[in-house]
1. What fraction of the Cα pairs in the stretch 302-414, stated in percent, has a spacing above 17 angstrom?
2. Please go through the residue pairs K56/K329; K55/K81; K117/K212; K216/K329 and name each one whose alpha carbons sit more than 25 Å apart in this structure.
3. Do any cysteines of the chain lack a neighbour Cys whose Cβ is under 4.7 Å away, and which are they?
4. Can you report the principal axis dimensions of the stretch 124-268 using only the alpha carbons, biggest first, rounded to whole angstrom?
5. Out of the trypsin sites (Lys or Arg not before Pro) in the stretch 1-81, which ones are loop residues according to DSSP with at most 12 other C-beta atoms within 10 Å?
6. Can you give the FRET efficiency to the nearest 0.05 for E337 and E110, using r as the Cβ-Cβ distance and R₀ = 25 Å?
7. Nearest 0.05, what FRET efficiency do T215 and L300 give at R0 = 41 Å with Cβ-Cβ as r?
8. For the stretch 211-353, what does the alpha-carbon gyration tensor say about shape, rounded, prolate or oblate, given a ≥ b ≥ c as the root eigenvalues, a/c under 1.5 as rounded, and a/b over b/c as prolate?
Amino acid sequence: MGAELEAVIGLEIHVELKTKTKIFCSCPTKFGGEENTHVCPVCLGLPGALPVLNKKVVEYAVRAGVALNCAIESYSKFDRKNYFYPDLPTAYQISQYYMPICRTGYLEIEVNGKKKKIRINRIHLEEDAGKLVHSGNSITSSQYSLADYNRGGAGLIEIVSEPDLGSAEEARIFLEQLRAVLEYTGVSDVKMEEGSLRCDANISLRPVGSSKLGTKTEIKNMNSFRALERALEYEIERQQEVLEEGGIIVQETRAWDEGKGMTTVMRSKEEAHDYRYFPDPDLPPIILESEWVEEIRTSLPELPEARKERLVKELGLSAYDAGVLTGSKVLAEFFDETVTFYNKPKAIANWMMVEYLGLLNANNMEIDQSKVTPQQLAILLQVQDEGKISGKIAKIVFAEMFATGKDPEIIIKEKGLVQISDEGALVTVVDRVIDANPQSVEDFRGGKKKAIGFLVGQIMKETKGQANPGVVNKLLQEKLK
């Protein structure tokens, strides 16, 4: 048995910026549309077409860099990365290799209660490539692929982490928190399902305690947090088996096959110098004024970690609840707005964490796709507080609100769900249930206090959940004594 091995992981994250037009031309960046309709001579690389830099792309890169604690370079420039692939009509990609716009940042993550600082090597600007539409389920199982250049030329930032991640779980948490920061700053919609956030992982194994890196493989085609974690777990296990059997790891690029739950070989990995980088002759350098960078810095919104801290310190939420609610900007804003209508943060958090997120997950929806508004949720909780409906009925009403978007008071009225709190209206039902369940009555009087729970349940059943549980308990206690 050889030395114990540890994983060394670094991520390369491509983030499509939320600009209206592409990085070097005026073609729209809107997702979707008929294939090859959002194109022009510039992004198709036709002879004589010249690129012109989109200033908004630069602003968004600086915003991301500041939010990720990077040093913003006052002077940066573009290079050409030369390679042949069907999704790249010019046979080169305009990127930043020698002089990127941001360097040496970091993002602090928390894993199992322990904080860890993950360094960011660089953030650089580049244009996106086109998209290949495969005939099969994956690139490795396809007979042919078609090229759609609508995405080609969209503005990207590539965020390159240092190899500071030690497990698949750490990598997933890092990507989740990075996604939240980017969403909060407004630089991207970070929709992984639409390709706005794409991640490649470099992974190697080495003996625990060693400072020397092992031979790495690069994993591509991971389009969700779950896919990233599963792919890394598989690759760690695969490399470990190879090394323990006396084999060697080959430096290569591998694709994650979600269906098979395994990585497969795509190609041997090229070194950076194989791309023959050289300065782009058509684009001048980017020179940033320090005043403009400071203006961007001061305009940043409250970021996830600061928001989480506020929810814990000022509103009394647990660190876990605050972490979940601030993991998405839209979710955090919904929570904050609900608090303005109903100032009971813990009650709101409980409903959002259990009922609301449960319905969203079951319907595979994001909160901004839901019909429920913060004011409607606040009204529902207020009506429950006033005793007009029980907690059980509130859940029924909320499910109807989620499905229809109707106000809670309208649903309660239409379905006749008002809670029965009048003792005179309930005493007949209580007497009937007592008469029908002599054994439970005898058990209660014999000291089995839990027997009253069964009787309450029977009354709630008869009243279709509309009886006020407090009033029911009071009447039962009086009658059984």
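Coordinate-derived values only; no laboratory data. Every value quoted in this text rests on a predicted model; they were computed, and no experiment measured them. Quick reminder, even Gly has a Cβ in these numbers, built from the backbone with ideal geometry, and neighbours come from all protein chains shown.
1. For the stretch 302-414, the share of Cα pairs beyond 17 Å comes to 52 percent.
2. K216/K329
3. Taking the Cβ cut-off of 4.7 Å, the unpaired cysteines of the chain are C25, C27, C40, C43, C199.
4. 47, 40, 24
5. Counting only loop positions with at most 12 other Cβ atoms within 10 Å, the trypsin sites (Lys or Arg not before Pro) in the stretch 1-81 are K20, K30.
6. Once rounded, the FRET efficiency stands at 0.40.
7. 0.55
8. The shape class here is oblate.
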